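Trainee: Take a look at the following structure, please.
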Amino acid sequence: MVGKDKYTLFFDLLLVEKMSREARDFGLTVIVGPMFSGKTTELLRLLTRYKMAGYTVALLKPSIDKRYSEREVVSHDGLKMEALAVEPNYSGLEEALRKLEDVEVIGIDELQFFEPDMKIVELILRVSLEKRVFVAALNLDFRGEPWEVVKELLPRADDVVSLQAVCTYVDPKTGKRCGAPATRTQRLIDGKPAPRDAPRILIGGRESYEPRCRRHHEIS
């Protein structure tokens, strides 16, 4: 380092940082769990961290999810971030990602609502070779069965964050909450378990769903 002043050293360090950043800033992280496990909260936390570090960030959501906002992703605990609503199919996602070609970090919320198309999985994998991609999705539907697009993406991800909620089942005899780790999403209709032949997709919140452990997950 002899012969280099502090300004030269500073710019050398910036160059090294830029080169290492370009070398490592790609990959796919999938965040999965039941409803109310904090998936969207974790997604927003990760994206915000990259924003604070100076990266360009974009967030996508399926257009059918209008629970809290049409133009934002909003977590159940009130965190929010501006988002681009896209048609939940290959064409919609491909068009959106093409427009975001120069964005360094991409987030996709509620992947389970996208069509079960292997081309969607392949598209996400291709994009994640060039930039950081974070995806949040339900692990299972209300029947306890895996979502096809999530099931295909999970084993191909570079990193998987599996979250649990807390089972809120209340014993009708004792009035005591279960409190065990919840890995299932319980759909309720008028306070009773939804039948197996109910529509697979029903956009809703606490009025229709609650987290359950395996013991207390029910299908009528």
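Trainee: Out of the residues in the range 181-220 that are assigned to a loop (DSSP other than H, G, I, E, B) and of a type in the set (Asp, Glu), which is surrounded by the most Cβ atoms within 10 Å (Cβ to Cβ)? Break it down into steps so the answer makes sense when it comes.
Mentor: Initially, the range 181-220 is screened for residues assigned to a loop (DSSP other than H, G, I, E, B), giving 183, 190-191, 194-208, 213-220.
Subset that is of a type in the set (Asp, Glu): 190, 197, 207, 218.
On the way: Asp190: 5, Asp197: 9, Glu207: 7, Glu218: 15.
So the residue we want is Glu218.
Trainee: Which condition number does Lys119 fail, the rest of (1) more than 27 Å from Cys213 (Cβ to Cβ); (2) crowded, with 19+ Cβ neighbours inside 10 Å; (3) not hydroxyl-bearing (Ser, Thr, Tyr) being met?
Mentor: (2)
Trainee: Which numbered condition trips up Val73, out of (1) modelled with pLDDT of 95 or more; (2) not in a loop (DSSP other than H, G, I, E, B)?
Mentor: Failed condition: (1).
Trainee: Could you check the range 49-65 and list, in sequence order, the residues that are surrounded by fewer than 20 Cβ atoms within 10 Å (Cβ to Cβ), of a type in the set (Val, Ile, Thr) and at pLDDT 95 or above?
Mentor: Thr56
The values are calculated or read from the model by the stated rules, or taken from the named source; none is laboratory data. Since this is a predicted model, take the numbers as computed values, not measurements. Glycine also receives a Cβ, built like all others from the backbone with ideal geometry; neighbour counts cover every protein chain displayed.
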